[in-house]
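These notes concern the structure reproduced below.
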Amino acid sequence: DRTPRQFDIAENLHGPSLYGWIVEIDPYDPTSTPKKRTALGRKKNECATTALAEDRRVVVYMGDDQRNEHIYKFVSRGRFDPANRAANMDLLDDGQLYCAQCNEDGSGRWIAITLAAANAAAAALDSPIRFHDEGDLLMRVRDAARFLGATPMDRPEDVEAVCDANWRGLGSVLIACTNN
């Protein structure tokens, strides 16, 4: 009887979907409203590390801190403009989300998580699961990553891009896992 209503599934069927999102705060404006960044997908985010791509798009690397979960990358559609702070405020609203597939030789690739690809992969595996729309896909991004062949990891804690002094990624990405 002391449990908050949002945790009572009988009263709030969608309660669990409210959690697991990355929320961005503006450290330069204490009166700003935090922004839920749904384009980055819902999971047990352990980190959200940013870097700039060579073409100035913002890249966010994320680890899903649970056994057999995955590494993710989001690349913004828009480009960072160092002279226009206001133009940069919503870069994380639109872009492409990827999951990592790692090979034993240390190489790997990023697999785009799209509605069409996730549903095709689920169908190819004879799964009854289908994603109804983009919102459903981002809410169940872990399932989509599994269907698409992302490498299960041992609780990825942190993902860091090696960057230069201007936050431009240099190509290497370092991953730290909890148990190995």
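A few notes on this one:
- Each Cα pair under 8 Å and six or more residues apart adds its separation to the average, and for the chain the resulting relative contact order is 21 percent.
- Accessible area, probe 1.4 Å, largest first, for residues Thr3, Thr114: Thr3, Thr114
- Amide H contacts of Gln66 (H built 1.01 Å from N, under 5 Å, at least 5 apart or other chain): Arg155
- Net length gained if the chain between Asn84 and Asn103 were fully extended (0.36 nm per residue, minus Cα distance): 2.9 nm
- Each Cα pair under 8 Å and six or more residues apart adds its sequence gap; the mean of these over the residue count of the stretch 96-180 is a relative contact order of 23 percent.
- Couplings 3J(HN,Hα) for the stretch 85-91, derived from phi with the Karplus relation 6.51 cos²θ - 1.76 cosθ + 1.60 (θ = phi - 60°), are 4, 4, 5, 8, 5, 10, 4 Hz, where x marks Gly and Pro.
- Listed residues Leu148, Leu115, Leu18, most fluctuating in the chain (Gaussian network, C-alpha, under 10 Å): Leu18
- Between the amide H of Gly95 and those of Arg77, distances stay under 5 Å, these residues lying 5 or more places away or on another chain, with hydrogens modeled in the peptide plane.
- The stretch 65-80 - phi-based ³J(HN,Hα) in whole Hz, Karplus 6.51/-1.76/1.60, Gly and Pro as x: 7, 7, 4, 6, 9, 10, 9, 10, 9, 10, 10, 5, 6, x, 10, 5
- Annotation note: trypsin sites (Lys or Arg not before Pro) in the stretch 112-166 located in DSSP loop regions with a Cβ neighbour count of at most 13 within 10 Å are Arg130.
- Built amide H within the under 5 Å cut-off of Cys163, gap 5+: Leu170
- Take every pair of alpha-carbon atoms less than 8 Å apart whose residues are at least six positions apart; their mean separation over the length of the stretch 39-140 yields a relative contact order of 22 percent.
- Computed from the C-beta positions of Asn68 and Asp29 and an R0 of 30 Å, the FRET efficiency is 0.20 to the nearest 0.05.
- For the stretch 5-103, the square roots a ≥ b ≥ c of the C-alpha gyration tensor eigenvalues yield an a/c of 1.5 or more together with a/b not exceeding b/c, which makes the shape oblate.
- Extension gain, Lys36 to Asp93, is 19.6 nm, computed as 0.36 nm per intervening residue step minus the present C-alpha separation.
- Judged by the gyration tensor of its Cα atoms, with axes a ≥ b ≥ c, the stretch 1-42 is oblate; a/c meets the 1.5 cut and b/c is at least as large as a/b.
- With 0.36 nm allotted per residue and the present C-alpha distance subtracted, the Glu134-Ser172 stretch has 10.7 nm of extension available.
- Each peptide among 171-179, 98-106, 6-14, 33-41 gets the average number of other Cβ atoms lying within 10 Å of its residues, and from highest to lowest they stand as 33-41, 98-106, 171-179, 6-14.
- Rounded, prolate or oblate (a/c below 1.5 giving rounded, otherwise prolate when a/b exceeds b/c) for the chain by Cα gyration tensor: oblate
- Table column - 3J(HN,Hα) (Hz), the stretch 113-130, Karplus curve with 6.51, -1.76, 1.60, x for Gly and Pro: 9, 10, 4, 5, 5, 5, 5, 5, 5, 5, 5, 5, 8, 6, 7, x, 6, 9
- Helix-derived mean residue ellipticity, 222 nm - over the chain, DSSP H n ≥ 4, -39500 (n - 2.57), to 500: -4000 deg cm²/dmol
- Accessible area, probe 1.4 Å, largest first, for residues Tyr19, Tyr28: Tyr28, Tyr19
The values are calculated or read from the model by the stated rules, or taken from the named source; none is laboratory data. Worth saying up front: this structure is predicted, and the values here are computed from it rather than measured. FYI the Cβ positions are ideal-geometry reconstructions off the backbone, even for glycines, and counts take in every protein chain you see. Just so you know, the surface numbers come from the protein's heavy atoms only, side chains and all, with ligands and any DNA or RNA stripped out. Shrake-Rupley method; radii C 1.70, N 1.55, O 1.52, S 1.80 Å.
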